[in-house]
Each structure stands twice: as C-alpha cells, then as structure tokens.
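Shown next, in structure tokens, is the structure this report addresses.
The values are calculated or read from the model by the stated rules, or taken from the named source; none is laboratory data. In this text the structure is predicted, and so the values were computed from the model without any measurement. No Cβ is skipped: glycine too gets one built from the backbone with ideal geometry, and neighbour counts run over all protein chains shown.
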Amino acid sequence: MGFLDRWLDSLPDEPEEIEDDWELDEDEELEQLAVDVSEPRECIYKSFADDPGPCLRCGERLEQSAQPYLVATRRGKRITDSFITGSDFGWFCTNCPTVVIDPDDVDEMLQHPMSGWDVGEEFTVVGLIDLDAIPEDKQHLPLGDDDNPIPLVEFTSISDAEEVGRRSQRRKRGKTSSDSEKGKRRRRRRRR
Ligand SMILES: [Zn+2]
C-alpha cells in the first residue's frame, strides 16, 4: 500500500470522530483566553509597570490579548480623528466583562502615529471592533463606509482605577453609583 492509500485508510469513517478531534483542539486552545469582543465590557484605565494585577472589579486574573480598538482623539471640544488600531494594550478579565488598559501604552502608540492620524490633545478608547460581525458580502468594502459601518462594541463605561476603588466603597455603604464619572471619562494626555 502506498502512502496515500495508508493515509486514506487511516481517516475515520464516522463524521463524529472528526468532530471529536476538533473538540480536542478547542480544549487545548481554551487554555488561552478566548476574548468575545462582541460582549459589551467596562474599560478601566490603570497605570502599571509590567502587569496590572488582578481584576479591579472581581479580583480574578487578567490576561493580555491583542484586539482591534476604535480610538478617538480630540482637541478642545472637537473630535480630531478616530481610527481603528490593533493592539495588545488591553488586559481582559477571565471572569467578568472588564478590560484594563494602561493609558500610557495608548499614549505611547499615539507618539508614533500612522501617517495622516491627528492625535489631538486627548484620547479615548471608545470600544472594541467586532470584526466577525462584518457580513461576508461586505468584507471587501472599506470599514466605515456608508454600506459597511464599523461594528463597534462600545465600552459600557470608562473609568480610572481610582474611581473604581471609590465606587466599590460607595457600593459597600449601600449607595448606588451614578454617572458622575462621565465628565472625567476622557484622559488628558501628558504633554512632553
Ligand atoms: Zn473581573
């Protein structure tokens, strides 16, 4: 028997067995965090050196993952630009819908802008881009076209690590948090 015959012979007859093989592969991949970008999540800005530590909301482990984001910049009250960037600045909670981002990492990225970006004075990471949500027949169109809107999954809230700490203290005292953080949502960029 030649190689091809042996190979064909070794293939399982039952389609179920093939599916089993696939499941095995998926199990192996589960050890890495599979980020469901379509899930709306809270974004927390936190400055850290190497590792952001545990999740600020639930205390579980955070894992770094490269994902596409929509970043908007502004100068004064004017949005200067918005752009999609794939980056690994996000650390995703393995338990709850939270992503921790070091604003210094975003700032660093904006120090080396692609040509044509207007990086403005301040930035905000608006949300994640769910590339899987783009219909197959629209995938050849430029993202952001009238016919092909950006599948943005906006963050449900954006806050600083210190605010999250204060909020959870307020919760402990039985008061609900309000949207008072809204005015402070955008992070002022450091001038260099
Ligand atoms: Zn969490």
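Just so you know, in region 38-47 the residues that are within 14 Å of the ligand (Cβ to nearest atom), part of a strand (DSSP E or B) and closer than 17 Å to Asp107 by Cα include one that is nearest to the chain's Cα centre (by Cα), and it is Cys43. Checked against (1) farther than 23 Å from Val119 by Cβ; (2) within 16 Å of the ligand (Cβ to nearest atom), Asp50 passes all but condition (2). A single member of Gly59, Gly53 is in a loop (DSSP other than H, G, I, E, B), modelled with pLDDT of 95 or more and loosely packed, with under 13 Cβ neighbours inside 10 Å, and it is Gly59. Could you grab me the full set of residues in region 129-162 that are in a helix (DSSP H, G or I) and among the aliphatic types (A, V, I, L, M)? Leu131, Ala133, Ala161 - these are the residues of region 129-162 that are in a helix (DSSP H, G or I) and among the aliphatic types (A, V, I, L, M).
The residue of region 69-94 that is nearest to Cys58 (Cα to Cα), among those that are among the hydrophobic types (A, V, I, L, M, F, W, C) and away from the ligand (no atom under 13 Å from the Cβ), is Phe89. Can you find a residue in region 17-35 that is at pLDDT 70 or above and under 21 Å from Ile158 (Cα atoms)? Yes, region 17-35 contains a residue that is at pLDDT 70 or above and under 21 Å from Ile158 (Cα atoms). Annotation: Val106 fulfils all but one of (1) at pLDDT below 90; (2) surrounded by 12 or more Cβ atoms within 10 Å (Cβ to Cβ); (3) farther than 22 Å from Ala133 by Cα; the unmet one is (1). A Cβ distance below 6 Å, combined with a sequence gap of six or more or placement on separate chains, defines the contacts here; from region 47-69, residues that are in contact (Cβ under 8 Å) with a residue 24 or more places away in the chain reach residues that are within 16 Å of the ligand (Cβ to nearest atom) and aromatic (Phe, Trp, Tyr) in the pairs Pro52/Trp91; Leu62/Trp91; Glu63/Phe92; Gln64/Trp91; Ser65/Phe92. The set of residues from region 95-128 being in a loop (DSSP other than H, G, I, E, B), on the phi < 0 side of the Ramachandran plot and more than 16 Å from the ligand (Cβ to nearest atom) comprises Asp102, His112, Pro113, Met114, Ser115, Trp117, Asp118, Val119, Glu121.
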